[in-house]
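The values are calculated or read from the model by the stated rules, or taken from the named source; none is laboratory data. Please read these numbers as outputs of a predicted model, since none were measured by experiment. Here Cβ is always computed from backbone atoms with ideal geometry, including for glycine, and neighbour counts include all displayed protein chains. Surface accessibility is based on the protein's heavy atoms, side chains included, excluding ligands, DNA and RNA. Shrake-Rupley method; radii C 1.70, N 1.55, O 1.52, S 1.80 Å.
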Amino acid sequence: MSAEKISVGKTGIETYSISNDNGIKAEIITYGARLHRLFVPDKKGNPVDILAGFDTAEGYKGENPYFNAVIGRVANRIGNAEFTLNGKYYKLAENDGKNCLHGGKEGFDRKIFTANLPCNKPNTVELSYVSPDGEEGFPGKLSLTVSYTITDDNALKISYKAVSDADTVFNPTNHAYFNLDGDFMSVLDHELFIDSDTITVSDENLICTGETVNVKNTPFDFTVPKPIGKDIKIPHVYFDNARGGYDFNYVLDKSRNKKLPVAYALSHKTGIKMEVYTDCPCIQLYTGNFLDGTLPCRRSCGYQSTLCLETQSFPNACNVSSFPSTVLKKGEEFFSETAYVFSIEK
Ligand code: GLA
């Protein structure tokens, strides 16, 4: 059991480590408040690093698809990089064609957070960042603290606490890229379960249109666990829009029992099972369809070599009045928590 600062890099990025006595250990860096490595024991007890990433903390400063970072202010795509709040029009940074993806040109993944090891919370690192009014076009000064904890019962818990000095929109997530085989070859053999039969429909630019669709008994249905690759080659316009894979937002049942996982992924190779618990209304399934193996990662990350299960609110909610609101009112406290819980396949 420990929480410690393990290094400070040339450019001032700090690396922290948190672990429990069962061999689960996370390394977290202040650049993007991101997970750097995550070791989980496999069925033989050997530690496996299940995250994509670079060798060094500085590596993330180059081109990278938000590897394991905290995403904000707003995860996923805001259509036309614009929205209106309280009658006022806001123009955001465009960084995905005409749209705003994952917070804009310099989202939270590109910010240096201030770290703290709270003495009253074991195996925890807290990372704070104050986003100035108008950053990337978003209103209000937003103060955020992200907390990572490894618990004795093998959970990596991520919580987000935020407050803004003016009405704003806020929808954070963590963009961890997992491969539970640990070899980063492919995730298509991973078994996946998602406790939702509804996705938000997105257009050819992956902008959520406001419609939802029931996907029971379609290739998008994971309510009955199946290998990720099982139906991925079935021709469908949704796959065409998402570069031949899964990149969809699943809507979770509001009245679900929050003590049950909303999703799990399982590698039969290592036996590592990862369950996801969250209080968020949605979860994005992304199978690394934009990766092509050209980034200098510590293990080559090719097309569909990784899996993201990003808990979030409804994408593009600031432009879709029928979606639950992502408005954070002035002075109101935002809190959200997600846990990735690890076990070995029985
Ligand atoms: C998210 C999106 C994808 C893609 C990646 C980053 O998960 O859903 O469409 O933009 O981020 O490459």
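Which of rounded, prolate, oblate describes the stretch 268-320, given a ≥ b ≥ c as roots of the alpha-carbon gyration tensor eigenvalues and a/c under 1.5 marking rounded, otherwise prolate only if a/b is larger than b/c?
It is oblate, given that a/c is not under 1.5 and a/b is not larger than b/c.
Give the separation of the Cα centroids, the stretch 43-67 to the stretch 16-38, in Å.
Rounded to whole Å, the Cα centres lie 10 Å apart.
Across the stretch 290-302, in residue order, what do the Karplus-derived ³J(HN,Hα) couplings come to in whole Hz, using 6.51 cos²θ - 1.76 cosθ + 1.60 with θ = phi - 60° and x for Gly and Pro?
Here the 3J(HN,Hα) series is 8, 7, 9, x, 8, 6, x, 6, 5, 10, 4, 10, x Hz.
If I take every Cα pair under 8 Å that is 6 or more residues apart in the stretch 2-344, average their sequence separation and divide by the length, what percent do I get for the relative contact order?
Here the relative contact order equals 18 percent.
Which peptide among 31-39, 3-11, 252-260 comes first, and what is the full order, when sorted by highest mean count of other Cβ atoms within 10 Å?
31-39, 3-11, 252-260
Using the Cα gyration tensor of the stretch 206-309, with a ≥ b ≥ c the square roots of its eigenvalues, what is the shape: rounded (a/c below 1.5), prolate (a/b larger than b/c) or oblate (neither)?
oblate
Could you compute Rg(Cα) / (2.2 N^0.38 Å) for the chain, with N its residue count?
The chain yields a ratio of 0.93.
At a Förster distance of 30 Å, what's the computed FRET efficiency of D231 paired with D183, Cβ-Cβ distance as r, to 0.05?
0.80
What full-extension length gain, to one decimal in nm, is calculated for I112 and N214 as 0.36 nm per residue of separation minus the Cα-Cα distance? Intermediate values should be presented prior to the final figure.
Working: separation 102, 0.36 × 102 = 36.72 nm, distance 4.03 nm.
The I112-N214 span can extend by a further 32.7 nm.
Excluding ligands and nucleic acids, what accessible area in Å² is computed for M185 using a 1.4 Å probe, to the nearest 10?
Counting only protein heavy atoms, the figure is 130 Å².
Can you tally the net charge around G244? Count Lys and Arg as +1, Asp and Glu as -1, for every other residue whose Cβ sits under 15 Å from the Cβ of G244.
Result for the local shell: -2.
Net charge within 9 Å of R299 by Cβ-Cβ distance, Lys/Arg positive one each and Asp/Glu negative one each, not counting R299 itself? Present the calculation step by step, with values, prior to reporting the outcome.
Values: positive: R298; negative: D49, D183.
Residues near R299 contribute -1 overall.
Sum up the charges of everything whose Cβ sits under 9 Å from the Cβ of T15, counting Lys and Arg as +1 and Asp and Glu as -1, but leave T15 out.
The answer is -1.
In percent, what relative contact order does the stretch 227-346 have, based on Cα pairs under 8 Å that are 6 or more apart in sequence? Don't skip to the answer; put the middle values down first.
Working: 186 pairs, mean separation 31.5, N = 120.
Here the relative contact order equals 26 percent.
Between rounded, prolate and oblate, where does the stretch 149-243 land on the alpha carbon gyration tensor, with a ≥ b ≥ c its root eigenvalues, rounded for a/c under 1.5, else prolate if a/b exceeds b/c?
oblate
Could you give the nm distance between label points at D221 and E58, where each point is 7 Å from its Cα heading toward the beta carbon?
Placing both labels 7 Å along Cα→Cβ, they lie 5.2 nm apart.
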